[in-house]
Amino acid sequence: MANFTKSVAAIHDLSGFGRCSLSVISPILSVMGIQTVAVPTAVLSTHTGGFGEVVLEDLTDYIEKALEHYKRINLSFDCIYTGFLGSKEQINHCLDFINSYKDALVVVDPVMGDNGKAYKTYTKEMCDSVVNLVHEADLITPNKTEMYILLKKDYDPAPLTHQQAKSNLLKLSELGPSRVIVTGIELADMTISNIAYDRDTNAFWRVICSYVPKNYPGTGDIFASIVVGSILNGDSLAIAMERATRFLELTIKTTYSYGSDPKEGVMLEKNLAWLTKSHSLNGYQSI
Ligand code: PXL
């Protein structure tokens, strides 16, 4: 089948309320001119971050059936993009997708934890399976907690020197992906930055983020999906990272100004149109 727009197989859960996973990934990619083919791994009434007992329908078996259907109708994808996963079996189904579309860009957001801790469902065995997925990726987007899990090091809240940051990026790239972005890294100059490494050009980048004293769920999904959309639209890694950072900064600040409950996520709806415009982005720095 011909693709008149670029298309992404997005293998994530669909959480109804709370603005994360497919609920944010799909609108973001659409406004960026990319078709999202949603492959839901589970349907949840809300995300798992604070709304009590969640209603969850597991769709693990659906993933492989959907893949077989797409192969039967010769559907192709420009990108396979994975995120929060519920079991080792789901990770194996993601690997089947990746092996079926050898030409697709593989973006793995190795969702495993935040704020220094692994999520409850991410046992050691699950985290080891995520590493298998990372081996197959072209680009990964861990946060600082996930960086330490992938590197099999204890979480260290201390700021990193530029040299330590670059060495960690290189080690992550040695796991497989030629491009690595790590979000939320405090560097020794006490700024929070998103940092990146591109093995093809041997370049290291940072984009400084402004600090807002609240944590909103779903921001990792918003970040990674903008990076996916930007790269598919031809942006460099540095510009894709800056576009995602600037959009999140704008949207987090908008949300913070309303004083809404953080667990409801960021007010994506107010700023989505920003992603349809071209912006001059030159706030990235070489490190
Ligand atoms: O991207 C974060 C995320 C995705 N999916 C589910 C979640 C969360 C974060 O809380 O609960 C189900």
Tell me, what ³J(HN,Hα) does each residue in the stretch 76-92 have, in order and in whole Hz, if you take phi through Karplus 6.51 cos²θ - 1.76 cosθ + 1.60 with θ = phi - 60° and put x for Gly and Pro?
10, 10, 7, 8, 10, 10, 10, x, 4, 10, x, 7, 4, 4, 4, 5, 4
Taking R0 as 41 Å, what's the FRET efficiency between residue 163 and residue 261 from their Cβ-Cβ distance, rounded to 0.05?
0.55
Can you tell me, using C-alpha contacts under 8 Å and at least 6 residues apart, the relative contact order of the stretch 24-166 as a whole percent?
17
Using R₀ = 35 Å, calculate the FRET efficiency as 1/(1 + (r/R₀)^6) where r is the Cβ-Cβ separation of residue 17 and residue 125; round to 0.05.
0.70
Cα centroid separation, the stretch 29-102 to the stretch 109-136 (Å):
17
Please compute, for the alpha-carbon atoms of the stretch 185-236, the extent along each of the three principal axes and give them in descending order in Å.
34, 27, 13
Considering only the chain, what is the antiparallel percent among its DSSP beta bridges, to the nearest 5?
45
First compute the accessible area of the chain with a 1.4 Å probe, then give the percent of it belonging to carbon and sulfur atoms.
52
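Using Cα pairs under 8 angstrom and six or more residues apart, how large is the relative contact order of the stretch 168-287, in percent?
Value for the stretch 168-287: 24 percent.
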Considering only Cα-Cα distances, which of the following residue pairs are longer than 25 Å: 120/152; 171/253; 88/117; 71/124; 253/277?
171/253; 71/124
Hull volume per residue for the stretch 77-175, using the convex hull of the C-alpha atoms, in Å³ is 91
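Quick check for me: using +1 on Lys/Arg Cβ and -1 on Asp/Glu Cβ, what's the dipole size of the stretch 138-231 about its Cα centre, in debye to the nearest 20?
The calculation lands at about 60 debye.
Report the longest stretch of the chain that contains none of the trypsin sites (Lys or Arg not before Pro) sitting in a DSSP loop with at most 15 other Cβ atoms within 10 Å.
Value returned for the longest uninterrupted segment is 1-101.
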Would you calculate the separation in nanometres between label points at residue 280 and residue 155, each defined as 7 Å from the Cα along the Cα-to-beta-carbon direction?
4.1
Label the stretch 1-84 by shape, choosing from rounded, prolate and oblate, from the square roots a ≥ b ≥ c of the eigenvalues of the Cα gyration tensor; if a/c is under 1.5 it is rounded, and otherwise prolate applies when a/b is larger than b/c, oblate when it is not.
oblate
Out of 169, 160, 14, any idea which swings most in a Gaussian network model of the chain, alpha carbons joined below 10 Å?
160
With Rg and the Kirkwood Rh both taken from Cα atoms, where does Rg over Rh land for the chain?
0.93
So for R0 = 22 Å, FRET eff. of residue 62-residue 269 from the Cβ-Cβ r, to 0.05, ends up at 0.20
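Given a 1.4 angstrom probe, what's the average accessible area per residue across the chain, in square angstrom?
That works out to 45 Å² per residue.
The values are calculated or read from the model by the stated rules, or taken from the named source; none is laboratory data. Values in this document were obtained by computation on a predicted structure and should not be read as measured data. Note that we place each Cβ from the backbone using ideal geometry, even for glycine, and neighbour counts take in every protein chain shown. Please note that ligands, DNA and RNA were not included when accessible areas were found on the heavy atoms of the full protein model with its side chains. Shrake-Rupley method; radii C 1.70, N 1.55, O 1.52, S 1.80 Å.
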